[in-house]
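The values are calculated or read from the model by the stated rules, or taken from the named source; none is laboratory data. Keep in mind that what you see is a predicted model, and the values were worked out from it rather than measured. With ideal geometry, Cβ positions are generated from the backbone for all residues, glycine too; neighbour counts draw on all protein chains shown.
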Amino acid sequence: MTPGVQPLIAGNWKMHGTLAEARALAGAVAAGAKAGAGAGLLVAPPFPFLPAVAAALAGSQVALGAQDCHAAPKGAHTGDVAAAMLREVGATHVILGHSERRAAHGETDAVVQAKAAAAMAAGLIPIVCVGESEAQRLAGEAEAVVRGQLAGSLPPGFAAAGGIIAYEPVWAIGTGRTPTEADIAAIHAALRAVAGPATRLLYGGSVKPGNAKEILALPNVDGALVGGASLVAADFLAIAAAVRPGG
Ligand code: 13P
């Protein structure tokens with residue numbers, strides 16, 4: 001944790017669930033979110049479920065995020081979604097540059113940077129993801145890779161706009177494997193040096209109720225970006241409860 005920075009536990013639902021399940025999950029998270037608890041909460045459902053999840057979260061402490069946006073404000077971009085559209089249906093945040101999009105959709109740092117700028121222009125808070133592959137980690141390049149991604153992916157004004165950074169080692173996503181606490185702390189210290197004192201730095205990659213307390217207690221870890229465990233309300237809330245009160 002970082003003194004003075006409110007932690008955030010964000011759930012990335014990826015491409016999972018039905019509309020009914022999304023409503024139920026959002027409702028359960030909203031019901032379980034404790035006012036005045038240590039951590040802020042956010043859920044990021046698939047695009048079609050955003051309005052229903054916004055309705056399920058209404059009046060709660062839980063924020064709404066999307067999983068991507070286009071860099072352009074509008075135009076001939078079949079299948080894409082503009083940041084202002086997300087804002088209009090109640091999103092306040094958008095996850096950008098997730099490694100699954102970098103890998104499957106060829107998103108470069110420059111693309112991510114343009115998307116983050118578009119999100120900020122529309123009044124959304126970008127959550128920009130960075131993280132090394134297993135080969136890069138084994139080659140001792142993790143920190144250099146992450147520094148390079150940050151340098152290329154963050155637009156000017158990112159910190160001032162409340163932009164959030166998520167460190168997600170690619171090899172830790174959905175695998176049940178996590179870096180050592182020392183390795184997470186080392187990368188987050190490097191992120192902090194770039195991001196400035198007030199930027200929230202999330203860790204993501206196989207965060208579960210069983211490891212959340214240790215990870216969230218590390219210096220410069222200001223929360224988590226949770227995949228699989230965010231699909232089970234009790235697990236997601238247990239991760240949030242692992243945040244040490246008062247930071
Ligand atoms: P898991 O928590 O399932 O490893 O996913 C992490 C992630 O990719 C969140 O964006």
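Just to be sure I understand the filter: pairs with C-beta atoms under 7 Å, separated by 6 or more residues or on different chains, first member in the range 187-214 and on the phi < 0 side of the Ramachandran plot, second member at pLDDT below 95 and acidic (Asp, Glu). Which pairs pass? Within 7 Å, no pair qualifies.
Among the residues of the range 104-129, which ones are without any contact (Cβ under 8 Å) to a residue 40 or more places away in the chain and either in a helix (DSSP H, G or I) or closer than 26 Å to Ala185 by Cα (or both)? Answer for the range 104-129, where residues must be without any contact (Cβ under 8 Å) to a residue 40 or more places away in the chain and either in a helix (DSSP H, G or I) or closer than 26 Å to Ala185 by Cα (or both): Ala104, Ile125, Pro126, Val128.
Test Thr180 against the stated conditions and say whether it is away from the ligand (no atom under 16 Å from the Cβ), over 24 Å from Ala44 (Cβ atoms) and of a type in the set (Ser, Thr, Tyr).
Details: away from the ligand (no atom under 16 Å from the Cβ): yes; over 24 Å from Ala44 (Cβ atoms): yes; of a type in the set (Ser, Thr, Tyr): yes.
Criteria met by Thr180.
Could you list all residues from the range 181-227 that are β-branched (Val, Ile, Thr) and modelled with pLDDT of 95 or more? If the condition is that a residue be β-branched (Val, Ile, Thr) and modelled with pLDDT of 95 or more, then Ile184, Ile187, Thr199, Val207, Ile215, Val221, Val226 are the ones that fit.
Out of the residues in the range 92-147 that are surrounded by fewer than 16 Cβ atoms within 10 Å (Cβ to Cβ) and among the charged types (D, E, K, R), state the one that is nearest to the chain's Cα centre (by Cα). Only one residue fits best here, namely Glu134. For Ala242, the test of being under 24 Å from Gly17 (Cα atoms), within 16 Å of the ligand (Cβ to nearest atom) and touching a helix residue (DSSP H, G or I) at 6+ places or on another chain (Cβ under 9 Å) is failed. Pull up the range 203-247, narrow it to residues that are in a helix (DSSP H, G or I) and acidic (Asp, Glu), then point me to the one that is surrounded by the fewest Cβ atoms within 10 Å (Cβ to Cβ). For the range 203-247, the residue satisfying everything is Glu214. For the range 68-91, a tally of residues being crowded, with 22+ Cβ neighbours inside 10 Å and either polar (S, T, N, Q) or not in a loop (DSSP other than H, G, I, E, B) (or both) returns 2.
Would you please name the residue that is farthest from the ligand (Cβ to nearest atom), looking only at residues in the range 94-110 that are out of contact with any strand residue (DSSP E or B) (no Cβ under 9 Å at 6 or more places or on another chain) and aliphatic (A, V, I, L, M)? Looking at residues that are out of contact with any strand residue (DSSP E or B) (no Cβ under 9 Å at 6 or more places or on another chain) and aliphatic (A, V, I, L, M), I get Ala110.
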